[in-house]
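Colleague: Handing you a structure now.
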Amino acid sequence: MVDENLFPLDEDGYTTVPVEGVDVPAGKEETAKLGVDACPLQALKLD
């Protein structure tokens with residue numbers, strides 16, 4: 001399951017994170033890490 005607030009999905013079900021990234025709200029860090037780790041293309045990263 002994807003947290004669509006952190007990883008919005010397009011109509012085909014792909015994540016559409018803006019190039020400039022997103023700010024992860026306090027308390028959502030672990031959810032963000034799980035989402036990044038689950039990316040099959042390793043196209044996401046956390047700073």
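The values are calculated or read from the model by the stated rules, or taken from the named source; none is laboratory data. If you're wondering where the values come from, they're calculated on a predicted model, not measured in any experiment. Virtual Cβ from ideal backbone geometry, glycine too; neighbours counted across all protein chains shown.
Colleague: If you take the residues of the range 34-47 that are of a type outside the set (A, V, I, L, M) and either surrounded by fewer than 10 Cβ atoms within 10 Å (Cβ to Cβ) or under 8 Å from the mean Cα position of the chain (by Cα) (or both), which of them is nearest to residue 8 (Cα to Cα)? Even if it seems obvious, please write down each step before you answer.
Modeller: Taking the range 34-47 and keeping what is of a type outside the set (A, V, I, L, M), we get 35, 37, 39-40, 42, 45, 47.
Narrowing the set further to residues that are either surrounded by fewer than 10 Cβ atoms within 10 Å (Cβ to Cβ) or under 8 Å from the mean Cα position of the chain (by Cα) (or both) leaves 35, 40, 42, 45, 47.
Values: 35: 11, 40: 16, 42: 17, 45: 15, 47: 19 Å.
That would be 35.
Colleague: Could you identify the single residue in 11, 30, 4, 20 that is among the charged types (D, E, K, R) and modelled with pLDDT under 85?
Modeller: Details: 11 fails: modelled with pLDDT under 85; 30 fails: modelled with pLDDT under 85; 20 fails: modelled with pLDDT under 85.
Criteria check complete, one pass: 4.
Colleague: Are any residues in the range 9-23 surrounded by 10 or more Cβ atoms within 10 Å (Cβ to Cβ) and more than 13 Å from residue 44 (Cα to Cα), and if so, which ones?
Modeller: Hit for the range 9-23 is 9, nothing else.
Colleague: When residue 9 is evaluated against the numbered criteria (1) under 11 Å from the mean Cα position of the chain (by Cα); (2) at negative phi; (3) touching a residue at least 24 places away in the same chain (Cβ under 8 Å), which criterion, by number, is the only one it fails?
Modeller: Unmet for residue 9, out of (1) under 11 Å from the mean Cα position of the chain (by Cα); (2) at negative phi; (3) touching a residue at least 24 places away in the same chain (Cβ under 8 Å): (3).
For (1) part of a loop (DSSP other than H, G, I, E, B); (2) hydrophobic (A, V, I, L, M, F, W, C), each residue gets a yes or a no:
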position	(1), (2)
2	yes, yes
22	yes, yes
25	yes, no
34	no, yes
46	yes, yes
